[in-house]
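Throughout, read-outs are computed from the coordinates displayed, never taken from laboratory work. From a predicted model like this one, the values you see are computed outputs, not experimental measurements. FYI the Cβ positions are ideal-geometry reconstructions off the backbone, even for glycines, and counts take in every protein chain you see.
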Amino acid sequence: MLYAFLKIFFQTLFRIVFRTRVRGTEHLPKDGPVILAANHMSNWDPPLLACFMPRIVSYMAKEELFEHPIFGTAIRICHAFPVKRGAADRAAIKTAVQVLKGGHCLGLFPEGTRSRTGKMRKAEAGVGLIAAMTGAPVVPAAILGTDKIFANGGFLPKLTILVGEPMHFTGDRKDKAQLEAFSQSILDEIARMKQTV
């Protein structure tokens, strides 16, 4: 109920105030496990991406966000779950795998944290590991403009979401170098997509 209300609220906000355009949502599978992986520049990214997707998106979010009793409860109701940053969080990975084994959509940011400059950071191995463990396809999504919301001379910029075709990990899940390379290939595809705008 809360998720549906917030989806309508944010979709209206982003369409009217930020004139958001969205392309490629047909690439997101209508059912079954899938990882939605996007670049990350702003706290606006999770609600922006989720509200325009045809499926419920469960996000892995930094554990500090869950410390506030009201906000933490709200994002839990909206299918988010905590992850400890800076180290391999086995509990978060286990939860992510459960989300995918349940046939749901998992939202991840391969960079692991926001880019303060708008330039993409190096990918962490996590998205590759989870894709390898579950066999779930990874759908890349490029977000443009959120780094300029109320900042960097943009204030109310036009926003864009580009959703790409699914990518599949086909290597050895025990090979860290292959996991990292796959994660980076997702960010490379997102960077390529951004250049098409």
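Quick notes
- Each eigenvalue of the Cα gyration tensor of segment 1-151, multiplied by 5 and square-rooted, gives one semi-axis; in descending order these are 22, 18, 17 Å.
- For segment 2-194: relative contact order, % (alpha-carbon pairs under 8 angstrom, 6 or more apart): 29 percent
- Cα centroids of segment 37-102 and segment 3-31: 17 Å apart.
- Scanning residues 5 or more positions from Gly107 or on other chains, those with amide H under 5 Å from its amide H are Leu36, Ser58, Tyr59, Met60, with H placed 1.01 Å from N in the peptide plane.
- Protection proxy ranking of 12-23, 156-167 - average other beta-carbon atoms within 10 Å, highest first: 156-167, 12-23
- All-pairs alpha carbon distance profile, segment 93-163, 10 Å steps from 0, percent: 17, 41, 27, 14, 1
- Think of it as helices only: each DSSP H run of n ≥ 4 in the chain is worth -39500 (n - 2.57), and spread over all residues that comes to -11500 deg cm²/dmol at 222 nm.
- Ranked Ser183, Ser42, Ser58, Ser115, criterion: other C-beta atoms within 10 Å, fewest first: Ser115, Ser42, Ser58, Ser183
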